[in-house]
Amino acid sequence: MNAFSNILTIFCIVVVSHISMAQTTSTGKASYYSDSLQGAPTASGSLYNKEALTAAHLTLPFNTLVRVTNLSNDKSVVVVINDRGPYTKRRIIDLSRAAAEEIDLIDQGVSKVKLEVIENYFSR
């Protein structure tokens, strides 16, 4: 019974590790923060910095790394979730100005994007 218990424990560890490293993807519309919010506090407690590669998401844990790909041009950027939002219907992420510039979102204002979680809070 002890050998079976050890095998079961190892199996559970492998399964949990695999699940925590699995990538989560979604698609939807993205927008970006107004420059007027520069220096305003975010939900995580940090101050908004338009030059940082950060973003707001309604449910992902703070400090989650997310690859955001603009589906109109296939440009992508990796951002850190440090705020909550967007609170506008049908949008799934709000990007900092620097992140929006990286994927040519500034002129579009809003664009369809793909989000890929590349590291989450539980995999640290």
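Note on the range 68-108: Cα-only Rg and Dmax are 10.2, 26 Å.
Leu58 contributes an accessible area of around 90 Å² to the protein surface, as traced by a 1.4 Å probe with all chains present.
For the range 76-112, the residues whose amide N sits under 16 Å from a probe point set 7 Å from the Cα of Thr24 along the beta carbon direction are 79-86, 92-94. Here is the list for the range 38-111: GluC sites (Glu not before Pro) lying in DSSP coil, each with at most 14 other C-beta atoms within 10 angstrom of its C-beta, are Glu51.
The values are calculated or read from the model by the stated rules, or taken from the named source; none is laboratory data. Treat the numbers as computed from the prediction; the structure is a model and nothing was measured. Please note: Cβ atoms are built from the backbone with ideal geometry, for glycine as well, and neighbour counts cover all protein chains shown. Accessible surface is based on the protein model in full, side chains and every heavy atom, while ligands, DNA and RNA are left aside. Shrake-Rupley method; radii C 1.70, N 1.55, O 1.52, S 1.80 Å.
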